[in-house]
Amino acid sequence: MSTKLSQMIWGLLFGVVFGFLLQKGGVTRFDVIIGQLLLEDFTVVKIMLSAVAVGSIGIHLMKGFGWVQIKPKPGSWGRNAPGGLLFGIGFALLGYCPGTIAAALGNGWLDALAGGLPGILIGSGLLAAYYPKLKARIFHLGDYGDLTLPRLLKVNDWLVVVPLIAVIAVIFWLLERAGL
Amino acid sequence: MNGLTEIRWSPYVVGCAIGVLSWFTLLVSRHTIGCSTTFARSAGMIERLFRGRKVEQKAYYQEYKLVVDWQWMLVIGMIIGAFIAARLSGDFAWRWIPDTWASVHGGNIPLRLLSALVGGICLGFGSRWADGCTSGHGISGAMQLAVSSWISALCFFAGGISAAFLLFRVIA
């Protein structure tokens, strides 16, 4: 079997696991996503920060062993801030994100299928159409390339990973204590 | 296993499992989990059906080729995985309007579809502007400690929280 084909199958299998987990986590539900954005239900934050904590240990260990390479996405204020804020507005209106909408389709949500999915396709296509203009005028503003927090702070990766996990643990403790 | 038929799992268990999953995607496939590029490629593929191969010449689709790639398969897998999970717990159902939406804005289906469509447009445009979404930046990029991803993720929530309070608390 060719590498390309086997990787496509791996992609599909990893997707099945990811979609399964998102559904069991409850984030295929609009109510859970909006509950998070209204700061009433912290399921989304708990899932994301648990994944970041566990993931960061593993990928930095594997990077240390030389098993994998990590390629952080390059970015800039002009790309990440306006894009991120606009994304947030869409997140609140739609109640799904590009990942959870795929899982919401599998859960039978028709607002995702008939409204959200065409919307995301139109929005992505529009960005592709305006890409040359935005790239020339806005995307380069405040460029920081593929900077990482350890390089920004000029410290070893673990001096960010370990305190980050400690902060995440404190956030979880506070959330549980507050009954959220 | 009893857990497979439960509707909801602890968010901590789910999150940790997604963390472990991301070790394996990186180790086995040399990819990190992300979703939004797939929608951009798909939008281009649909446009190509109508307008022909000249669509491939657009600068954006020169960078993100109109091909079915690893991430495209990941997203298809996610639909299947969520379907399996929902069926196992009996949580699968065809539904139009989520409860929170209905409680504030009522049961009008076209209104809900319009909000989903407009939201989707902002989400698609914004995710490709920011070069990532809640999974690509918010989970995968954040665990790689990328500055671009932390700034994006904070903006996702800043925009989302503001808009949600407007939509569900101020207007309502």
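No other residue among A:LEU61, A:LEU5, A:LEU105, A:LEU113 is at the interface with another protein chain (Cβ under 7 Å from one of its Cβ atoms) and at negative phi apart from A:LEU105. For the subset of the stretch A:64-83 comprising residues that are among the basic types (Lys, Arg) and not in a helix (DSSP H, G or I), which member is surrounded by the fewest Cβ atoms within 10 Å (Cβ to Cβ)? This residue is A:LYS71.
Exactly one residue among B:GLY3, B:GLY15 is crowded, with 21+ Cβ neighbours inside 10 Å, touching a Lys or Arg at 6+ places or on another chain (Cβ under 9 Å) and more than 18 Å from A:LYS71 (Cα to Cα), and that residue is B:GLY15.
Being in contact (Cβ under 8 Å) with a residue 40 or more places away in the chain, within 20 Å of B:ILE33 (Cα to Cα) and surrounded by fewer than 24 Cβ atoms within 10 Å (Cβ to Cβ) is a property that does not hold for A:LYS4.
Residues in the stretch A:78-100 that are more than 7 Å from chain B (Cβ to nearest Cβ) and out of contact with any Phe, Trp or Tyr (no Cβ under 8 Å at 6 or more places or on another chain): A:THR100 only. Filtering B:LEU117, B:LEU123 for residues that are surrounded by fewer than 24 Cβ atoms within 10 Å (Cβ to Cβ), within 15 Å of the chain's Cα centre (by Cα), among the aliphatic types (A, V, I, L, M) and within 18 Å of A:ALA114 (Cα to Cα) leaves a single hit, B:LEU117. Scanning the stretch B:127-156 for residues that are farther than 17 Å from B:SER22 by Cβ, surrounded by 24 or more Cβ atoms within 10 Å (Cβ to Cβ) and free of Cβ contacts under 8 Å to residues at least 12 places away in the same chain gives a single hit, B:TRP129. Scoring B:SER89 on the criteria (1) polar (S, T, N, Q); (2) within 20 Å of A:THR43 (Cα to Cα); (3) free of Cβ contacts under 8 Å to residues at least 12 places away in the same chain leaves a single failure, condition (3). Within the stretch A:122-142, the residues that satisfy the criterion of being out of contact with any Pro (no Cβ under 8 Å at 6 or more places or on another chain) and either more than 7 Å from every other protein chain (Cβ to nearest Cβ) or under 17 Å from A:PRO74 (Cα atoms) (or both) are A:ALA129, A:TYR130, A:TYR131, A:LYS133, A:LEU134, A:LYS135, A:ALA136, A:ARG137, A:PHE139, A:HIS140, A:LEU141, A:GLY142. Out of curiosity, is A:PRO118 part of a helix (DSSP H, G or I), surrounded by fewer than 17 Cβ atoms within 10 Å (Cβ to Cβ), out of contact with any strand residue (DSSP E or B) (no Cβ under 7 Å at 6 or more places or on another chain) and of a type outside the set (D, E, K, R)? The answer is no for A:PRO118. A single entry from A:SER50, A:SER56 fulfils the requirement of being in contact with a Phe, Trp or Tyr (Cβ under 7 Å, 6 or more places away or on another chain) and of a type in the set (Ser, Thr, Tyr): A:SER50. When we screen A:ASP31, A:ASP111 for residues that are assigned to a helix (DSSP H, G or I) and in contact with a Pro (Cβ under 6 Å, 6 or more places away or on another chain), the only hit is A:ASP31.
Checking A:PHE30, A:PHE18, A:PHE42, A:PHE65 one by one, the residue that is within 15 Å of the chain's Cα centre (by Cα) and among the hydrophobic types (A, V, I, L, M, F, W, C) is A:PHE18 and no other. Restricting A:PHE14, A:PHE18, A:PHE87 to those that are within 17 Å of A:PRO98 (Cα to Cα), outside any loop (DSSP other than H, G, I, E, B) and in contact (Cβ under 8 Å) with a residue 40 or more places away in the chain reduces the list to A:PHE18.
How about the stretch B:55-90: which of its residues are more than 7 Å from chain A (Cβ to nearest Cβ), aliphatic (A, V, I, L, M) and surrounded by 17 or more Cβ atoms within 10 Å (Cβ to Cβ)? Hits for the stretch B:55-90 are B:VAL55, B:LEU66, B:LEU88. Looking at B:GLY44, B:GLY52, B:GLY3, B:GLY15, just one residue is more than 22 Å from A:HIS60 (Cβ to Cβ), without any contact (Cβ under 8 Å) to a residue 60 or more places away in the chain and within 23 Å of the chain's Cα centre (by Cα), and that residue is B:GLY44. Taken over the stretch B:4-30, the criterion of being more than 7 Å from every other protein chain (Cβ to nearest Cβ) and closer than 12 Å to A:LYS46 by Cα is satisfied by B:SER10, B:VAL13.
Coordinate-derived values only; no laboratory data. Computed from a predicted model, the values in this text were never measured in an experiment. For neighbour counting, all protein chains shown are included, and Cβ atoms are generated from backbone atoms with ideal geometry for every residue, glycine included.
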